[in-house]
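Okay, so here's the structure we're looking at.
The values are calculated or read from the model by the stated rules, or taken from the named source; none is laboratory data. Note that the structure is predicted; figures quoted are calculated from it, not measured. Reconstructed Cβ throughout: ideal geometry from the backbone, glycine too, with neighbour counts over all protein chains shown. The area values use the complete protein model at the heavy-atom level, side chains included, leaving out ligands, DNA and RNA. Shrake-Rupley method; radii C 1.70, N 1.55, O 1.52, S 1.80 Å.
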Amino acid sequence: ERAISVLADLAQSPQPEVRANALEALIPVPTRLEPIVRKALVDESAGVRAVAAMAAGKAGVVSVADFIRPLVNDPSPLVRASAILGLSRLALSPAGQRAGLQAPDPSPLARMLWSSDARERSQAAFVLGELGNASALPMLREARRQPMRRASTAQARLVQLQIAEAMAKLGDDTVLGDIRAALYPAAPDDLEAAALAAQIVGQVGDKQSTLQLDYLCRPRQGPEGPAPAEVRLAAAGALSKLGDPLGLPTADEFLTSPTPSVRAQAALVYGEYARRTMLPVVAPLLDDADPQVRAAAGAAILKMAR
């Protein structure tokens, strides 16, 4: 109850990112999410509207379907893609079927997938993967081969990984090799891709990557120094999502980091592990001075308490 109260307060934060994180964290408690998500669907921030649409769909808050529907025509392509996902999930839910909800037309996602904008293309791929329709696989394969002339090499690599994640979610295991390969950074420029790849293997349940994730977690000293906290914690979070406790010492190491984003990421690692025995470790972070850390602690606690 305390975590829910903290998250409800944070959902009114002046910082859009904090509002969005609080919304996402409240997904496990749909009845408490409903009044907050209704307001968030008309938020001035496109990022908050996008998260609100997806959160409502994932939580099955059918009562806000009519508020999501206009977002299919939102000025922001990220919001439009999220609205398609949210409405589709609601239409497929038992309550949505009883209410006769109709799924939206998913065809705009195809246009977004060919966008020259990296974020738009990534969001379209994410939504296609979440929708679970394997008929999207040929389109995703073609988009993965399509060059992105306006994106940097690093940006293009991240988009390719996110498309690969969508393909893996739809049952195409041929992309797992490329995702696993990104877990072996050879240069500093590869570290962001390694962190994303770690998140992906956790999402798709790739237990064959456990040993490399454990290696990435460790405070080793390489030619360029130790791996950044964000990379180590991404690997730790993936291990936790896979049900492996090997990443927990890494999370414990960073719980008292002077950097708020690192403390928040450490809290989320415990949330992914989702064991009630971890509650006393994370609970003190509900009093953290930084709102992002409090949001992460609340999210972790709700996952543990389910």
- Of the peptides 266-275, 172-181, how do they stack up when ordered by the mean number of other Cβ atoms within 10 Å, highest first? 266-275, 172-181
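With a 10 Å radius around each residue's Cβ, average the other Cβ atoms per peptide and rank 249-258, 141-150, highest first.
On the way: 249-258: 16.3, 141-150: 13.5.
Those peptides, ordered most packed to least, come out 249-258, 141-150.
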- Query: Once you list every other residue whose beta carbon is under 15 Å from the beta carbon of residue 207, what net charge do they have if Lys and Arg are +1 and Asp and Glu are -1?
  - Reply: -3
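First obtain the Kirkwood hydrodynamic radius of the chain from its Cα pairs, then insert it into the Stokes-Einstein equation at 4 °C and 1.567 mPa s, and state the resulting D in µm² per second as a whole number. Could the numbers behind the result be given before it?
Numbers: Rh = 19.9 Å.
For the chosen part, D equals 65 µm²/s.
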- Neighbourhood net charge (9 Å Cβ-Cβ; Lys/Arg +1, Asp/Glu -1) for residue 192: -2
- Ranked highest first by the average count of other Cβ atoms within 10 Å around their residues, in what order do 111-117, 77-83 fall? 77-83, 111-117
- Heavy-atom accessible area per residue, the chain, 1.4 Å probe: how many Å²? 46
- Enter the accessible area of residue 294 (Å², nearest 10), with the probe set to 1.4 Å and all protein chains included. 60
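First select every other residue whose beta carbon is under 15 angstrom from the beta carbon of residue 279; then total the charges, Lys and Arg +1, Asp and Glu -1.
Working: positive: 2, 275, 276, 303, 306; negative: 1, 252, 272, 287.
Net local charge, residue 279 excluded: +1.
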- Considering the chain as a Gaussian network with a 10 Å cut-off on Cα pairs, which listed residue, 25, 110, 234, attains the greatest mean-square fluctuation? 110
- Put +1 on the Cβ of every Lys and Arg and -1 on every Asp and Glu Cβ in the chain; which of 116, 15, 184 then has its Cα farthest towards the positive end of the dipole? 116
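State, to one decimal in nm², a quarter of the convex hull surface area for the C-alpha atoms of the range 187-302, i.e. the direction-averaged projected area. Write out the running numbers ahead of the final one.
On the way: hull surface 27.4 nm².
If I average the Cα hull's projected area over directions, I get 6.8 nm².
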- Task: Among 201, 42, 127, determine the one that fluctuates most according to a GNM of the chain built with springs between C-alpha atoms less than 10 Å apart.
- Result: 42
- Task: Calculate, in whole percent, how much of the Cα-Cα pair population of the range 245-306 lies beyond 15 Å.
- Result: 37
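Give me the dipole magnitude in Debye, nearest 20, for the chain about the Cα centre, with unit charges on the beta carbon: positive for Lys and Arg, negative for Asp and Glu.
Numbers: 33 positive and 32 negative charges, 124 e Å.
Roughly 600 debye for the chain.
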- Message: Full-extension gain between residue 2 and residue 31, please, as 0.36 nm times their residue separation minus the C-alpha to C-alpha distance.
- Response: 8.9 nm
- Separation in nanometres of the label points that stand 7 Å from Cα toward Cβ, at residue 119 and residue 210: 3.8
